[in-house]
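Following: one structure in structure tokens, then a few remarks.
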């Protein structure tokens, strides 16, 4: 595996390409080391799939990337679901931050 | 050097025989598990040829698979986590254990395994579940998901429904006492 550096933009690019994602938000939650990311992924490929299948799709698309980082979190929505959530939350949707402390992940060096 | 320890038959018997002191309080401490038990090495050979390649290293040995099979079957609800229910070592494991607590999972029907105690388990469970991260939740031997899925199922009501169907929640007087306790606080 090449020692590529993983960044918000490299993950975004990979998801856009590999999952035909129409909207991707990637947020570094590592607090600087660049090893933990959380994301919101909007792709029509999620349609008709349950949460587990969607995550498996993302995990497969980012297999090498996830293997290199400490923590990975994702919210997977279809374009329709995303529109609905945007309307419901007043645009206040985004990558999940559960399990983090104010958006920074803790304890993943273990 | 990989630790040779893995979940032994003996350990799982201990798990099953854990004292059934179902406390009604929903602190995570109520979920007391075999995470504090050390894995026994008795079932494993002391030496094994070093893996020839990174590819081979990633293959799950039959022995590890069997041990994980047993771990997954050791209780209706099984969580593979970093740290123990009392002292999670990672925010995602903490969030997951807190949700199981909030849902009212019966400690007698729950087992947690600390992957930090066993390198083979830590790597093996990822392959076993085809899931790259910890924590991992199993319900009735079926893989449910990681922290993101646990959180979203908790929020949308699916988790409560599933746990209720599987009859793994603290029931009756205990649950009522707990609700009353929660109201007081």
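What follows is calculated from the coordinates using simple rules that are stated; it is not laboratory data. Keep in mind it's a predicted model, so treat the numbers as computed, not measured. Methodologically, a virtual Cβ is constructed for each residue, glycine included, from the backbone with ideal geometry; neighbour enumeration extends over all protein chains shown.
See the values below:
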read-out: Shielding score for B:128-137, defined as the mean number of other chain Cβ atoms within 10 Å; value: 3
read-out: Partner chain coverage, peptide B:92-100 - average Cβ within 10 angstrom; value: 3
read-out: Estimated inter-spin distance, residue B:141 and residue B:66, nm [label 7 Å along Cα→Cβ]; value: 1.6 nm
read-out: Zone residues, the range A:70-86, relative to residue A:25, backbone N less than 14 Å from point 7 Å out along Cα-to-Cβ; value: A:74-77, A:82-86
read-out: Inter-chain shielding of A:53-59 (mean C-beta neighbours from other protein chains, 10 Å cut-off); value: 3
read-out: Packing rank of A:98-104, A:5-11, where each peptide gets the mean count of other beta carbons within 10 Å, highest leading; value: A:98-104, A:5-11
read-out: Distant alpha-carbon pairs in chain A (separation over 16 angstrom), percent; value: 58 percent
read-out: Potential extension, residue A:52-residue A:87 segment - 0.36 nm per residue separation minus Cα distance; value: 10.1 nm
